[in-house]
1. Just want to confirm a number: the relative contact order over the chain, from Cα pairs under 8 angstrom separated by 6+ residues, in percent.
2. Working from the pairwise distances between different alpha carbons, so that the mean of 1/r is found and then inverted, what is region 5-220's Kirkwood radius in Å?
3. Which net charge results when you count Lys and Arg as +1 and Asp and Glu as -1 among the other residues whose beta-carbon is under 13 Å from that of Glu33?
4. For Thr16 and Asn211 in the same chain, what is the full-extension length gain: residue separation times 0.36 nm, less their Cα-Cα distance, in nm?
5. Rank these for me by crowding, Tyr83, Tyr132, going from fewest to most other beta carbons within 10 Å.
6. Once the piece of chain linking Arg118 and Glu56 is laid out straight, how much longer is it, given 0.36 nm per residue of separation minus the C-alpha distance between them?
7. Quick one: among Arg199, Arg215, Arg17, which has the greatest mean-square fluctuation in a GNM of the chain with alpha-carbon springs under 10 angstrom?
8. For region 43-80, run through the trypsin sites (Lys or Arg not before Pro) and keep only the ones in DSSP coil with at most 10 other Cβ atoms within 10 Å of their Cβ.
Amino acid sequence: MRTRDGIILQARFASTRLPGKALERIGSRTLLEHCLARLLSAGVAQVVLATTTNAEDDALAVVARRMGVSVFRGDATDVLGRYTAAAAEFGFDHVIRATGDNPAVDIGGPGRLLGALRANAVDYVWEDGLPYGGAVEAMTAAALRHAAQAATHPEDREHVTPYIRRGTQRFRILQMTAPAPLCRPDVRVTVDTPDDLTRMRELFARTGTENPTLRQIIEAAGRPQRAGVA
């Protein structure tokens, strides 16, 4: 039976540490535009923006639709419920989860994880070793539904996958190792704070291109310093 794959990006305008960051710019694109463009470039599945029903997120929906991305709107705090409802709305059997904090996600990641999810008949796949903010997650819609029905802790509802990741007795989980050239867990490429945003602007600028690969961004970050080396 043929399955239907989807990439769901969660994003909202509100942010405790960096309000409005989704529409802050890195180069000529907003953070949201970078995130969506990379997922579209993966070319492996339909991309959906899952944002909230809050009026302030109307602007995010406009950006997504302008880029040809479908939009689902749901609860602001129950992100697990929002994901599950979005997957059901679009009929997805397999789901890639991506977040609007991460403008440097590895473009090859969604394809690798979806392939592993199918080939190994597991419920959840994640990739270890990528820069912080460079990865996505893959899961079955059935695992999402199970989690949405069973999870009660607020952190499980807000962060979507902790319940699945802890449930080694309920779910078949596969941990993969990231491709060697991308294994740099010491590099931070997420945007949670004003300092993160400044850092990402610097890294993108160092690459000399508007749409750098994750490998180019890693190279721009330089090698980690050895202990005791000034």
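1. The value is 21 percent.
2. Hydrodynamic radius (Kirkwood, Cα pairs) of region 5-220 is 17.3 Å.
3. Once positives and negatives cancel, what remains is +4.
4. Working: separation 195, 0.36 × 195 = 70.20 nm, distance 2.76 nm.
Going from the current span to full extension adds 67.4 nm.
5. Fewest to most other Cβ atoms nearby, the residues stand as Tyr132, Tyr83.
6. Result: 18.6 nm gained on full extension.
7. Arg17
8. Working: sites: Arg65, Arg66, Arg73; in loops: none.
Counting only loop positions with at most 10 other Cβ atoms within 10 Å, none of the trypsin sites (Lys or Arg not before Pro) in region 43-80 qualifies.
Each reported figure results from applying straightforward, stated rules to the coordinates on display, with no laboratory input. Nothing here was measured: the structure is a model prediction, and the numbers come from that model. Cβ sites come from the backbone with ideal geometry, for glycine too, and all protein chains shown count toward neighbours.
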